[in-house]
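Undergrad: Here it is: the structure, laid out below.
Taken together, the values in this text are just the output of simple stated rules run on the coordinates, not laboratory data. Note that this is a predicted model, so its numbers are computed, not measured. Using ideal geometry, Cβ is built from the backbone for each residue, glycine included, and neighbour counts are taken over all protein chains shown.
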Amino acid sequence: MDINGGSAIVTGGAGGFGEATVRRLVAMGAKVVIADLAEDKGQALAAELSDSTVFVKTNVLEEASVQAAVDAALAMAPLRLSVAVHGGFGGGGRTLDKDGNPHKLEDFEKTVAAYLTGAFNVTRLAAAAINKSEPQADGERGLVINTSSIAGYEGTIGQVAYAAAKGGVIGMTLVLARDLAAAGIRAMTIAPGVFATPAYGRPVEELNPMFGPTVPFPQRMGDPKEYALLVEQMVNNPYLNGEVIRIDGAIRFSPKWPRG
């Protein structure tokens, strides 16, 4: 798909994965909406990238908020791509804690809402807008990309809510592709392993000695630019559809995982 001259929306666009994706899409000639709740970071990135981007403060769980971001993209150019890479409520905790108390239902629901419901909300509204764009080669109108995690396959102890949410993103990928096929819209999901993003709250120099040796090769944490490169590859390859691609250096989570 040719994204040059089209628009894209990146939820979580001011964060680690999101910022790297915004920069790469701009380099590909796209106009990009930085959709995020982090107003200071989002505005600063939009100011740096000038006329190629606009920041829209966006809550992925609110229909009107996401629609405003979609409308901002349409105002710049036909919408071709959405990348849902936003973060959310952590919700860590075991099903039963050390005292036998059950996981808080509210925390579970918040985690699933942020990572799964939010991703679907972005996808459905973006797809409706992409569907109005003129088709390109092979009748393709656009692409929706969601973000899961390898925790969606092998979550660690204390990740039950997060693993359920990310597993849900994995589960809806093929169905999205089938649902959207008639509209000429592809659907893909990226499942990252351990990446050096601001979510850890510590510099990569401190994190790599802890997480790097657990990755078979290369023995380091991933760089958000590598996530963005995979987005570019998904955009450019029209036969990628309905698939979840792990980007993890061949790591597989063990039951217990180093905690930073």
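Undergrad: Please list, in order along the stretch 153-158, the HN-Hα scalar couplings obtained from phi with the Karplus expression 6.51 cos²θ - 1.76 cosθ + 1.60 (θ = phi - 60°), rounded to whole Hz, x for Gly and Pro.
TA: For the stretch 153-158, the Karplus curve yields 9, 9, x, 8, 4, x Hz.
Undergrad: Quick one: which of 4-17, 91-104, 146-159, 123-136 comes out on top by average Cβ neighbours within 10 Å, and what's the full order, highest first?
TA: Peptide ranking by packing, descending: 4-17, 146-159, 123-136, 91-104.
Undergrad: How charged is the neighbourhood of LEU143? Take every other residue with its Cβ under 13 Å from the Cβ of LEU143, and add Lys/Arg as +1 and Asp/Glu as -1.
TA: Result for the neighbourhood of LEU143: -2.
Undergrad: Report, by chain and number, residues whose modeled amide H sits under 5 Å from the one on ILE9, excluding near sequence neighbours (fewer than 5 apart, same chain).
TA: So ILE9 has HN proximity to VAL33, LEU81, SER82, VAL83.
Undergrad: What residue among GLU205, GLU243, GLU140 shows peak mean-square fluctuation when the chain is described by a Gaussian network model with Cα springs under 10 Å?
TA: Of GLU205, GLU243, GLU140, the most mobile in the Gaussian network model is GLU205.
Undergrad: Here is a further query. So what is the 222 nm mean residue ellipticity for the chain from helices alone, if each DSSP H run of at least 4 adds -39500 (n - 2.57) and you divide by all residues, rounding to the nearest 500 deg cm²/dmol?
TA: Result for the chain, helices only: -12500 deg cm²/dmol.
Undergrad: Just from the alpha-carbon atoms, what are the Rg and Dmax of the stretch 109-260 in angstroms?
TA: Just the Cα atoms of the stretch 109-260 yield Rg and Dmax of 16.6, 49 Å.
Undergrad: Also, quick follow-up: Each residue of the stretch 234-244 in order: what ³J(HN,Hα) in whole Hz does its phi give by Karplus 6.51 cos²θ - 1.76 cosθ + 1.60, θ = phi - 60°, with x for Gly and Pro?
TA: Each residue's phi maps through the Karplus curve to give 5, 4, 7, 9, x, 9, 7, 7, x, 10, 10 Hz.
Undergrad: Do you know the Lys pair count in the chain for C-alpha distances under 29 Å, with sequence separation 8 or more or different chains?
TA: For the chain, the number of qualifying lysine pairs is 24.
Undergrad: I need to check one value: relative contact order of the chain, counting alpha carbon pairs closer than 8 Å and at least 6 residues apart, in percent.
TA: 20 percent
Undergrad: Would you kindly derive the ³J(HN,Hα) couplings of the stretch 181-187 from the backbone phi angles with the Karplus curve 6.51 cos²θ - 1.76 cosθ + 1.60 (θ = phi - 60°), listing them in order in whole Hz, with x for Gly and Pro?
TA: Once θ is set to phi - 60°, the couplings for the stretch 181-187 become 4, 5, 8, x, 10, 8, 9 Hz.
Undergrad: OK, next. Å³ per residue of the Cα convex hull, for the stretch 124-170?
TA: Cα convex hull per residue, to the nearest whole number: 75 Å³.
Undergrad: Separate question: Report, by chain and number, residues whose modeled amide H sits under 5 Å from the one on PHE55, excluding near sequence neighbours (fewer than 5 apart, same chain).
TA: ILE34
Undergrad: Related question: So, counting K/R as plus one and D/E as minus one, what does the shell of residues with Cβ under 12 Å around LYS57 add up to?
TA: Every neighbour counted, the sum reads -3.
Undergrad: Quantify how much of the Cα-Cα distance distribution of the chain extends past 30 Å, in percent.
TA: Percentage above 30 Å: 25.
Undergrad: Ok, one more. Roughly what would the spin-label model give for GLU232 and ASP107, points 7 Å off Cα along C-beta, in nm?
TA: Label at GLU232, label at ASP107, 4.0 nm between them.
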